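Worksheet for the structure shown next.
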Amino acid sequence: MKINALLEKLLSRAILTLFLIYTLFPMLWLVMASLKTNVELLGDPFRLPAPPQFGNYVNAFKSAHLALLFSNSVLISFSATALNALVASMAAYVLSRYKFKFGPVIFSTLITGILVPVSALMVPYFTLIRTLGLYDTKLALILTYTAISLPLSVFIIKGFMDSIPGELEEAALLDGCDFYQKFFRVIVPISRTGIVTAATFQFLSSWNEFLYAMLLTSSEQVRTLQMGIRYFASQFTTDFTSMFAAIVISIIPSVAMYSVFQNQIISGLTQGSVKG
């Protein structure tokens, strides 16, 4: 039995090690490639840079105006995340705690949006944004990103709110809380883990989004960081190392966000799956 347990432990660790290498190797290679010259990269892609070319990062910021695009991405992503979390938590609360005639139908219809490919909504969103006069504005991206991720956010937060005992709301009512006080002072703090989980997914989705940033904007003043990466590739030449440096810069906020909230994400996904 001890030998079997030892073999099972070794096998599990070997599999985890392989997954770790499979996950980290592309990231490490990307960082290494971003510190080379184009000649070194094309000559031997897996050789260590000698010496490291940190100037690639400076060139990336200067050539593609990444500082402006980075600030646009921060503003748009955080705004869309905050708006999405607010709207989704309100919708999830009503669908979770109040029973009305078409509630299940509305919820089922809403979450089917998770299954709809983002590319299938390009024409409706473009038409709507142009009709509202919001084309080539940051608000267009904020509203679009908020709407696209609402089905997933509502699904996550509602699953978490379903597990909150109704007695807490009854106690709040006895203490004189109205609807809004009950929601913001009781439900939201208890549902914080689920809301943070949905908000993190929303931020990652908004930060890494490219398709709608290209579709709904035309000027550099409102475009996001992901659009700046295109600058380094043209029809006849590609500055690979500066492009890889820009990609590394664009990845850092996503990795940082997930690293900070990973415990709450895992907790929110697991707790939201259990009622009672």
* To do: Considering each residue of segment 104-136, count those that are touching a Pro at 6+ places or on another chain (Cβ under 7 Å) and aromatic (F, W, Y), and give that number.
  => 0
* Single condition L134 does not satisfy, out of (1) within 28 Å of M161 (Cβ to Cβ); (2) open to solvent by less than 40 Å² (accessible area, probe 1.4 Å); (3) under 24 Å from the mean Cα position of the chain (by Cα) -> (1)
* Long-range neighbours under 7 Å by Cβ, at least six apart or interchain, first residue in contact (Cβ under 8 Å) with a residue 40 or more places away in the chain within segment 107-128, second assigned to a helix (DSSP H, G or I) and open to solvent by 70 Å² or more (accessible area, probe 1.4 Å) -> I111/F155; I114/L152; I114/F155
* **Count - residues of segment 177-199 that are polar (S, T, N, Q) and over 15 Å from V87 (Cα atoms)** => 2
* Only one of E167, E209, E220 is surrounded by 18 or more Cβ atoms within 10 Å (Cβ to Cβ) and at pLDDT below 95; which? -> E209
* So which pairs qualify, if the first residue must be in segment 254-276 and at pLDDT below 80, the second must be open to solvent by 90 Å² or more (accessible area, probe 1.4 Å), the Cβ gap must be under 7 Å, and the two must be at least 6 apart or on different chains? -> none
* Asked: Do the conditions hold for N56, that is, is it among the polar types (S, T, N, Q) and touching a Lys or Arg at 6+ places or on another chain (Cβ under 7 Å)?
  -> no
* To do: Search segment 27-77 for residues being of a type in the set (S, T, Y) and surrounded by 13 or more Cβ atoms within 10 Å (Cβ to Cβ), and hand back the single one that is farthest from the chain's Cα centre (by Cα).
  => T37
* Structure fact -> Of the residues in segment 52-73, those that are in a loop (DSSP other than H, G, I, E, B) and either touching a Pro at 6+ places or on another chain (Cβ under 9 Å) or within 24 Å of N208 (Cβ to Cβ) (or both) come to A64, H65
* **Residues that are surrounded by 19 or more Cβ atoms within 10 Å (Cβ to Cβ) and among the polar types (S, T, N, Q), drawn from segment 170-204** => S191, T193, T197, T200, Q202
* To do: May I ask you to list the residues in segment 228-251 that are open to solvent by 50 Å² or more (accessible area, probe 1.4 Å) and either under 16 Å from L35 (Cα atoms) or in contact with a Leu (Cβ under 8 Å, 6 or more places away or on another chain) (or both)?
  => F240
* Select from segment 137-164 the residues that are aromatic (F, W, Y) and either open to solvent by 60 Å² or more (accessible area, probe 1.4 Å) or modelled with pLDDT of 95 or more (or both) and list them in ascending order. => Y145, F155
* With respect to S71, is the statement that it is closer than 23 Å to S153 by Cα and not hydrophobic (A, V, I, L, M, F, W, C) true? -> no
* Residue list for segment 25-52, restricted to those being in contact (Cβ under 8 Å) with a residue 24 or more places away in the chain and either in contact with a Lys or Arg (Cβ under 6 Å, 6 or more places away or on another chain) or of a type in the set (V, I, T) (or both) -> V31, T37
* Residue list for segment 197-249, restricted to those being closer than 30 Å to A88 by Cα and outside any helix (DSSP H, G or I) -> E209, F210, L216, T217, S218, Q221, V222, R223, T224
* For segment 78-95, how many residues meet the condition of being open to solvent by less than 10 Å² (accessible area, probe 1.4 Å) and farther than 21 Å from I142 by Cβ? -> 1
* Structure fact -> Going through (1) of a type outside the set (D, E); (2) surrounded by 17 or more Cβ atoms within 10 Å (Cβ to Cβ); (3) modelled with pLDDT under 95 one by one, I111 fails only at (2)
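The values are calculated or read from the model by the stated rules, or taken from the named source; none is laboratory data. These figures come from a predicted structure and were not determined experimentally. All Cβ positions, glycine included, derive from the backbone under ideal geometry; neighbour counts span all protein chains shown. Ligands, DNA and RNA are stripped out before the accessible areas are found, and what is left, the full protein with its side chains, is counted by its heavy atoms. Shrake-Rupley method; radii C 1.70, N 1.55, O 1.52, S 1.80 Å.
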